[in-house]
Amino acid sequence: MIQYGKHDINQNDIDAVVDVLENHFLTQGEKVPLFEKALCDYTRASYCVAVNSGTSGLHIACLALGIAQGDCIWTTSNSFVASANCARYCGADVDFIDICPDTRNMCVDALEQKLLFAERTNSLPTALVVVHFAGLVCDMQRIHKLCKRFDIAIIEDAAHALGSSYQDERVGACEYSDMCVLSFHPVKSITTAEGGAVTTQSKALADKLALYAKHGITRDQNQMQLPLESQDQGPWYYQQLCLGYNYRLSDLHAALGISQLNRIDDFINIRNTQAQRYLDCFSDLSLHLPLMPEEGKSSWHLFMIELENHDRLQVYNHLLSEGIRANVHYIPIHRQPYYQSLGFEKGYAPNSERFYANALTLPLYVGLSEQAQDHVIKTVIDVVSKPTR
Ligand SMILES: *Cc1c(COP(=O)(O)O)cnc(C)c1O
């Protein structure tokens, strides 16, 4: 069965993990700081805090901005639920901006309209969570300009986009954002099994991120809030400054991440080659295809077609009968029962809803052979050439 996405593990990855098991600390050793340094080198961010998932990363990014009850964050509904849940963990409200049908990313015109209205009604958000959908980077320069004007923080949800670049910078460099959140779940650009990271150019934010990811505890005397009594004089001493969490990544996972990051250029090139093949082979079909970025690079985390004249379930089942397990991304977040219970109704983000109704995610991953992709291409062309509705 051909899956829609899959990790790629080689012997070096296995050796890196076994080396930790045999020779190093399993947690709080040297591998996590080395992985953080490698991520900084790759993205050209100044600071990086590795965590146990992208979701944890989004949570501590909100905490580092001081987001709490009474605040509101805005994001897009065409994403995984974690993009919105991070605000709810902090007791803040969430609102959604619709996507543009061509980029499937946050519609910046809609953002501008909503900001102007929010300014008049005194309901501006504290932060935006900007999702680079499928690896295509949002119009960050324009989003940044708008957010500056209204004094709104920007968190990039770059769970899809490690390896993407925008203008001359890699995603993670935070040129147009306060923080950038990465995920290393097995279907993402690189994997640590579970894992994530937050990058930033701000020392103050980096300190807060580290604090929230590690129980709120510091061993840095410069950060301590109370004077040390004589009994506290020693290297064992620490202070808890705030209510943090145990969101640490383990050294086992970090060793896998370091090894995977060594291969990211190959990974992204393979993904781009596969995406270009799909685009070339499907150009004559009655399908809505994803955009290849004109400048910069997409990580091609996912490849989604939008069906125009076909019943999605029929196409899905036909692919399945041919040994291809496609997928669908995403059920709009505001259509989830939890978010409906907060008052969001059908039609709130019509472009996201239309996208979900017609989208189908085709297999794209490093280990997908040319032969297997040919089979996917032939099967899609066969089924789409015969209208079913
Ligand atoms: C995968 C994903 C996350 C969450 O990452 P985890 O590492 O699985 O917690 C957040 N946002 C988006 C858009 C994702 O695709």
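The values are calculated or read from the model by the stated rules, or taken from the named source; none is laboratory data. These numbers come from a predicted model, not from an experiment. Ideal geometry is used to build each Cβ from the backbone, glycine not excepted, and the neighbour counts take in all protein chains shown.
Structure summary
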quantity	calculated
Answer from 46, 56, 79 - the residue that is hydroxyl-bearing (Ser, Thr, Tyr), more than 11 Å from the ligand (Cβ to nearest atom) and either within 29 Å of residue 187 (Cα to Cα) or more than 16 Å from the chain's Cα centre (by Cα) (or both)	46
Yes/no for residue 188 being among the basic types (Lys, Arg), closer than 21 Å to residue 364 by Cα and modelled with pLDDT of 95 or more	yes
Complete set of residues in segment 7-54 that are modelled with pLDDT under 95 and surrounded by 17 or more Cβ atoms within 10 Å (Cβ to Cβ)	29
Some residue of segment 272-281 being within 16 Å of the ligand (Cβ to nearest atom) and within 19 Å of the chain's Cα centre (by Cα)	no
Members of segment 75-101 found to be farther than 17 Å from residue 64 by Cα, outside any loop (DSSP other than H, G, I, E, B) and of a type in the set (Phe, Trp, Tyr), listed by number	96
Members of segment 182-206 found to be more than 16 Å from the ligand (Cβ to nearest atom) and out of contact with any strand residue (DSSP E or B) (no Cβ under 9 Å at 6 or more places or on another chain), listed by number	204
Pairs, first closer than 21 Å to residue 182 by Cα in segment 79-98, second away from the ligand (no atom under 15 Å from the Cβ) and acidic (Asp, Glu), C-beta under 9 Å, six or more apart	87/71; 87/93; 90/71
Single residue of 237, 176 found to be surrounded by fewer than 24 Cβ atoms within 10 Å (Cβ to Cβ) and touching a His at 6+ places or on another chain (Cβ under 9 Å)	176
Where residue 253 falls short, out of the listed (1) touching a helix residue (DSSP H, G or I) at 6+ places or on another chain (Cβ under 8 Å); (2) within 16 Å of the ligand (Cβ to nearest atom); (3) not hydroxyl-bearing (Ser, Thr, Tyr); (4) not in a loop (DSSP other than H, G, I, E, B)	(1)
Answer residue from segment 150-169, given it is within 10 Å of the chain's Cα centre (by Cα) and free of Cβ contacts under 8 Å to residues at least 40 places away in the same chain and is nearest to the ligand (Cβ to nearest atom) among those	158
Long-range neighbours under 8 Å by Cβ, at least six apart or interchain, first residue farther than 7 Å from residue 92 by Cβ within segment 63-76, second at pLDDT below 95	none
Residue 130 vs. criteria crowded, with 24+ Cβ neighbours inside 10 Å, modelled with pLDDT of 95 or more and assigned to a loop (DSSP other than H, G, I, E, B)	no
Residue identified as touching a Lys or Arg at 6+ places or on another chain (Cβ under 9 Å), more than 14 Å from the ligand (Cβ to nearest atom) and on the phi > 0 side of the Ramachandran plot among 216, 172	172
Helices (runs of 4 or more DSSP H) completely within segment 285-389 that count 1 or more residues being touching a Gly at 6+ places or on another chain (Cβ under 9 Å) and surrounded by 13 or more Cβ atoms within 10 Å (Cβ to Cβ)	350-358, 370-384
Residue match in segment 212-226 (condition: touching a helix residue (DSSP H, G or I) at 6+ places or on another chain (Cβ under 7 Å), touching a residue at least 60 places away in the same chain (Cβ under 8 Å) and not in a strand (DSSP E or B))	yes
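To keep it simple, each residue is scored yes or no on (1) polar (S, T, N, Q); (2) touching a residue at least 40 places away in the same chain (Cβ under 8 Å); (3) closer than 23 Å to residue 299 by Cβ.
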| site | (1), (2), (3) |
| --- | --- |
| 5 | no, yes, yes |
| 12 | yes, yes, yes |
| 33 | no, no, no |
| 52 | yes, yes, yes |
| 57 | no, yes, yes |
